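Here the structure comes first, spelled out in structure tokens, and everything after it is commentary.
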Amino acid sequence: LIYCYRKPKTKRAKRFLEKREPKLNENTKNAMLIKGGNANLTVTEVLKDIYAVKKPFAVVYKRKNITRPFEDQTSLEFFSKKSDCSLFLFGSHNKKRPNNLIIGRMFDYHVLDMIELGVENFVSLKDIKNSKCPEGTKPMLIFAGDMFDVNEEYRRLKSLLIDFFRGPTVPSIRLAGLEYVLHFTAVDGKIYMRSYKVLLKKSGCKIPRIELEEMGPSLDLVMRRTHLASDDLYKLSLKQPKGLKPKKKKNISHDVFGTTYGRIHMQKQDLSKLQTRKMKGLKKRPAEKSAEDGGATPKKSKSA
Amino acid sequence: MAAVRVEAVLAAAEEQEAEKRRSITVEKELELEYDLGNLLAVDRNPPPAAALRGAGPRREALLQALARDNTQLLMSRLWELPAERAGGAGGPLVAQLPEPTFRLPREKPPPKPRPPTRWEQFARLKGIRRKKKTSLVWDEQAKEWRRRWGYRRAGGDPSRAWLAEVPAGADPEEDQFARLRREKRERVARNELNRLRNLARAHRAGSAVPAAPLHPTGHQDRDELRRVARVARVSTASLGRFQPRLPKESAEPPSRSGGKKRRFEPLLGNLAAERSRQLELLRDMGSKKPVLDITRAVNKQLRQEEAEAAAANKGKKQSKRGKRGRRQQRPGRSGKKNGTRRQPQQQKPAGGGIGGR
């Protein structure tokens with residue numbers, strides 16, 4: 001809005017532009033789910049299920065888009081700019097790469113990272129017949145396996161998956177509403193993604209015992225190609241502005257026992273003129289006062 | 001005897017506690033890493049690869065067991081957070097989540113502060129501050145509070161003004177309504193021009209010295225690319241003399257000053273001009289009176305004073321100083337132009353005396 005050559009003429013347009021401009025505290029990232037030129041049923045089902053998980057922070061493009069993200073990224077960047085989405089999931093299918101999913105994110109409407117995953121086993125939401133949790137639940141994310149730390153590509157994939165499924169950042173959360181958990185296991189070159197519904201059972205103490213029930217989409221993924229951002233671009237995207245750092249509170253200190261101490265800086269006080277409590281008995285009687293004053297200056301009389 | 005009993009009691013109590021907690025304890029080799037702000041847990045233990053290799057329901061059961069353990073650990077941490085009952089005693093239990101610690105890349109780069117506009121710079125120099133205006137003004141005609149501008153403004157709709165006074169010195173044949181309309185158009189155009197100029201200035205200021213050579217995400221404009229290409233061409237050992245050129249690029253080497261030429265006179269040219277210039281220089285150096293451009297000096301001093309005053313009297317009222325400053329500066333405002341022209345005129349008679357020897 002600051003660098004707009006065409007100023008918005010209505011308040012609605014202004015609000016629209018303000019929502020999309022760079023801010024200190026950013027909006028929740030939106031995801032766009034796109035079908036490639038030859039998407040098959042499996043891939044379409046995957047996209048629909050992911051949309052159900054990510055509602056309302058996702059948009060599904062109904063029509064097929066004949067593009068190849070790894071060769072040409074302009075189409076994706078155009079879509080990202082139009083719909084203000086910084087995450088995308090592109091599904092396609094061909095003989096060489098069956099059931100292909102490209103998961104990626106953008107920085108400043110340009111592609112930052114892209115990872116191509118192959119779907120081997122897919123169990124949809126519809127196939128598992130049990131109760132589901134409400135739409136828009138913030139999921140708990142669990143990553144198991146040492147591959148997610150050892151391998152650089154897996155580390156980026158973990159960061160991408162967290163970014164994708166995280167949902168809005170909230171200051172507080174209702175404990176009974178923690179119903180959805182997404183579990184990613186990296187074993188043997190494969191990544192198993194499973195979603196469970198959490199059931200809280202009584203245990204002896206305050207913290208409940210957890211029982212899981214398989215619910216939502218479950219995918220077996222294999223990592224194929226990757227297009228990761230260069231180190232300096234990645235560092236640039238991670239840079240947080242200074243305004244986000246919490247302001248230090250001055251003159252407050254805490255000690256080991258948890259007591260809070262505050263410091264007040266006072267000016268020099270004249271202790272003789274200090275206002276103390278009034279003791280009625282010590283009050284000067286008028287006779288004593290006049291005796292003390294002695295040669296007191298008489299009141300100036302006004303000339304008539 | 002008593003000590004043994006106390007120990008036994010304590011041990012029994014501990015066992016009871018452990019028994020209670022058995023349903024929620026999970027044994028793990030390595031501790032998980034938690035990021036409660038993101039509801040995230042990372043388990044670094046290598047999963048049982050051999051067991052998970054075989055497909056089918058066994059694998060699913062193993063995965064579910066692993067997930068259950070990890071979820072239990074995460075939930076224990078979450079339930080240990082400070083929680084309170086939202087909305088009174090009967091409300092749901094709500095926990096305060098800490099800030100997320102896992103660093104994720106931003107969606108867009110952080111916003112850059114825009115450089116001040118020409119007016120903002122001037123106002124800062126003079127110490128002019130914004131006067132807060134009320135949003136509603138009392139309209140005498142309508143006897144109610146109306147907006148200052150916009151729909152149904154105080155003072156009526158200016159486009160439906162039925163009376164336009166002819167000002168004192170104006171041509172009686174002129175169409176006043178047309179004049180008002182023209183002036184409004186001119187005002188709007190001038191404002192738009194100034195806004196675009198400020199924008200261009202801000203844009204230029206932003207890309208004056210690119211710290212990193214080129215913005216990595218492709219937001220490069222033609223001038224920046226040209227500048228960077230020029231720097232790249234010249235940074236060879238032979239200073240770009242043998243670099244291949246594109247078919248339509250200019251053949252001669254581009255000047256380092258970037259087009260701003262400074263002309264130097266040829267060494268053995270106009271002898272008379274050279275002599276007169278040297279003599280003038282000597283005269284200025286030898287004269288007793290200092291050569292001073294009064295108006296320029298006065299302006300400089302005034303500006304300095306104003307800037308200091310504006311910086312010092314930040315809290316106090318600025319109106320008096322502003323009026324005084326403006327009154328003093330008016331005669332000297334075009335001092336730069338007058339001063340440079342005045343000087344040769346003043347000194348010529350004296351120069352003629354010396355030069356005519």
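To keep it simple, each residue is scored yes or no on (1) closer than 27 Å to B:Arg204 by Cα; (2) modelled with pLDDT under 85; (3) touching a strand residue (DSSP E or B) at 6+ places or on another chain (Cβ under 6 Å).
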| residue | (1), (2), (3) |
| --- | --- |
| B:Val228 | yes, yes, no |
| B:Ser235 | yes, no, no |
| B:Pro244 | no, no, no |
| B:Glu249 | yes, yes, no |
| B:Gly258 | yes, yes, no |
| B:Ala272 | no, no, no |
| B:Leu279 | no, no, no |
| B:Leu282 | no, no, no |
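Could you grab me the full set of residues in segment B:140-158 that are modelled with pLDDT under 90 and surrounded by 14 or more Cβ atoms within 10 Å (Cβ to Cβ)?
B:Arg153, B:Ala154, B:Gly155, B:Gly156
Condition check ((1) over 18 Å from A:Ser172 (Cβ atoms); (2) small (Gly, Ala, Ser); (3) at pLDDT below 90) across all residues:
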| position | (1), (2), (3) |
| --- | --- |
| B:Ala18 | yes, yes, yes |
| B:Arg22 | yes, no, yes |
| B:Asn38 | no, no, no |
| B:Asp43 | yes, no, no |
| B:Leu52 | yes, no, yes |
| B:Ala65 | yes, yes, no |
| B:Asp69 | yes, no, no |
| B:Gly90 | no, yes, yes |
| B:Phe102 | yes, no, no |
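Please state which one of B:Ala168, B:Ala164 is free of Cβ contacts under 8 Å to residues at least 24 places away in the same chain and surrounded by 12 or more Cβ atoms within 10 Å (Cβ to Cβ).
When all the criteria are applied, what remains is B:Ala164.
Of the residues that sit in segment A:1-55 and are part of a helix (DSSP H, G or I) and within 14 Å of chain B (Cβ to nearest Cβ), which one is farthest from the chain's Cα centre (by Cα)?
Per the criteria, the residue is A:Lys11.
Name the single residue, out of those in segment A:210-246 being among the small types (Gly, Ala, Ser) and over 18 Å from the mean Cα position of the chain (by Cα), that is farthest from the other protein chains (Cβ to nearest Cβ).
The extreme case among them is A:Gly216.
Any residue at all in segment A:222-231 that's more than 30 Å from A:Asn94 (Cα to Cα) and either modelled with pLDDT of 90 or more or not in a loop (DSSP other than H, G, I, E, B) (or both)?
yes
Within segment A:191-201, how many residues turn out to be more than 9 Å from every other protein chain (Cβ to nearest Cβ) and either over 21 Å from A:Asp49 (Cα atoms) or surrounded by fewer than 23 Cβ atoms within 10 Å (Cβ to Cβ) (or both)?
Residues in segment A:191-201 being more than 9 Å from every other protein chain (Cβ to nearest Cβ) and either over 21 Å from A:Asp49 (Cα atoms) or surrounded by fewer than 23 Cβ atoms within 10 Å (Cβ to Cβ) (or both): 3 in total.
Can you work out which of the residues in segment A:138-158 that are part of a loop (DSSP other than H, G, I, E, B), within 27 Å of A:Pro208 (Cβ to Cβ) and not charged (D, E, K, R) is farthest from the other protein chains (Cβ to nearest Cβ)?
It comes out as A:Pro139.
Can you run down the residue pairs with Cβ atoms below 8 Å, 6 or more apart or on separate chains, where the first is in segment A:53-68 and within 25 Å of A:Thr28 (Cα to Cα) and the partner is of a type in the set (Ser, Thr, Tyr)?
Sorted first by the residue in segment A:53-68, then by its partner, the pairs are A:Val53/A:Ser195; A:Phe57/A:Thr28; A:Ala58/A:Tyr51; A:Val59/A:Ser83; A:Val60/A:Tyr51.
List the residue pairs whose Cβ atoms are under 7 Å apart, where the first residue sits in segment B:55-70 and is more than 7 Å from chain A (Cβ to nearest Cβ), the second is part of a helix (DSSP H, G or I) and at pLDDT below 90, and the two are 6 or more positions apart or on different chains.
B:Arg59/B:Leu52; B:Leu62/B:Ala51; B:Leu62/B:Leu52
Would you say A:Leu161 is assigned to a helix (DSSP H, G or I), under 25 Å from A:Asn30 (Cα atoms) and more than 9 Å from chain B (Cβ to nearest Cβ)?
yes
The values are calculated or read from the model by the stated rules, or taken from the named source; none is laboratory data. Computed from a predicted model, the values in this text were never measured in an experiment. Cβ: placed from backbone, ideal geometry, glycine included. Neighbour counts: every protein chain shown.
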